[in-house]
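Here's the structure we're looking at; comments come further down.
The values are calculated or read from the model by the stated rules, or taken from the named source; none is laboratory data. Given the structure is predicted, the values throughout are model-derived calculations rather than measurements. For neighbour counting, all protein chains shown are included, and Cβ atoms are generated from backbone atoms with ideal geometry for every residue, glycine included. For accessibility, only protein heavy atoms count, side chains too; no ligands or nucleic acids. Shrake-Rupley method; radii C 1.70, N 1.55, O 1.52, S 1.80 Å.
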Amino acid sequence: MSEGSGPRVELVRLDPGTLRALADGDRAAAEAGAPVPLSAYLVGEECRPVWAIRAVQVLVDPPSADWITGVVWDPDRRLAVGKAGFHGPPDASGMVEVGYSIDSAQRRQGYARAALRAMLARAAAEPAVTTVRASIAPDNVVSRDLVLGEGFVVVGEQIDEEDGLEIVYEVAAGTRLG
């Protein structure tokens, strides 16, 4: 795909009540509070652990709501295609970490790239952000290739308590934007 091709996406913020409803699996409450229609994927079991983490995070640290996981929205199709956002606001060194997941029914259409580019643009626009990080399982070749294509480089590895071994990639904020 060329630089300008692919779908257009917006990263839609969810309020604390909607995050909690998603974490609890309460589809009716989540849909009532969401600013866009939600997909079955977003209210499903695969996404619930992330919503649970983010629901607690915004209660403990309300300003983090501006940074955390939200809905990947295709405004042209008026369709929620996945979730994406940062793990939180920039840390003391100016690092933010991205996270994204696209509904399997919407994969291979450029949505993950579009969401990652939206997060990179957000990071570049924030003076407090110097580095963008992605932590990826070694066998997740699609995600690895995605971040490498956006200028990320390997900086190490880590063991995640839930996900196991992850390769850590980073890029300087604003590197690929112009």
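Details
- Between A52, A92, A23, A32, the distinction of being surrounded by fewer than 20 Cβ atoms within 10 Å (Cβ to Cβ), part of a loop (DSSP other than H, G, I, E, B), out of contact with any Gly (no Cβ under 8 Å at 6 or more places or on another chain) and aliphatic (A, V, I, L, M) belongs to A92 only.
- Any hit, the stretch 104-118, residues being among the basic types (K, R), at pLDDT 95 or above and within 24 Å of R48 (Cα to Cα): yes
- Residue within the stretch 101-116 that is open to solvent by 30 Å² or more (accessible area, probe 1.4 Å) and closer than 23 Å to G17 by Cα present: no
- Selection count where residues are farther than 18 Å from A112 by Cα, open to solvent by less than 30 Å² (accessible area, probe 1.4 Å) and without any contact (Cβ under 8 Å) to a residue 24 or more places away in the chain, scope the stretch 129-178: 1
- Filter pass, S135 being under 21 Å from S64 (Cα atoms) and of a type outside the set (D, E): yes
- Those residues of the stretch 73-89 which are farther than 16 Å from S135 by Cα and among the aromatic types (F, W, Y), in sequence order: W73
- Near pairs, Cβ below 7 angstrom, 6+ apart or cross-chain, from the stretch 56-82 (in a helix (DSSP H, G or I)) to any residue that is among the polar types (S, T, N, Q) and buried (at least 19 other Cβ atoms within 10 Å of the Cβ): S64/Q57
- Some residue of the stretch 3-10 being open to solvent by 40 Å² or more (accessible area, probe 1.4 Å), in contact with a Gly (Cβ under 6 Å, 6 or more places away or on another chain) and part of a loop (DSSP other than H, G, I, E, B): yes
One line per residue, one yes/no per condition, for (1) among the charged types (D, E, K, R); (2) touching a Lys or Arg at 6+ places or on another chain (Cβ under 9 Å); (3) at pLDDT below 95:
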position: V43; (1), (2), (3): no, yes, yes
position: E46; (1), (2), (3): yes, no, yes
position: A52; (1), (2), (3): no, yes, no
position: Q57; (1), (2), (3): no, no, no
position: D66; (1), (2), (3): yes, yes, yes
position: A84; (1), (2), (3): no, no, no
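- Matching residues, the stretch 113-142, being within 15 Å of the chain's Cα centre (by Cα), farther than 16 Å from D91 by Cβ and either in a helix (DSSP H, G or I) or aromatic (F, W, Y) (or both): R113, A114, A115, L116, R117, A118, L120, A121
- Note on the stretch 73-89: residues that are farther than 24 Å from A172 by Cβ and either touching a strand residue (DSSP E or B) at 6+ places or on another chain (Cβ under 7 Å) or open to solvent by less than 10 Å² (accessible area, probe 1.4 Å) (or both) total 7.
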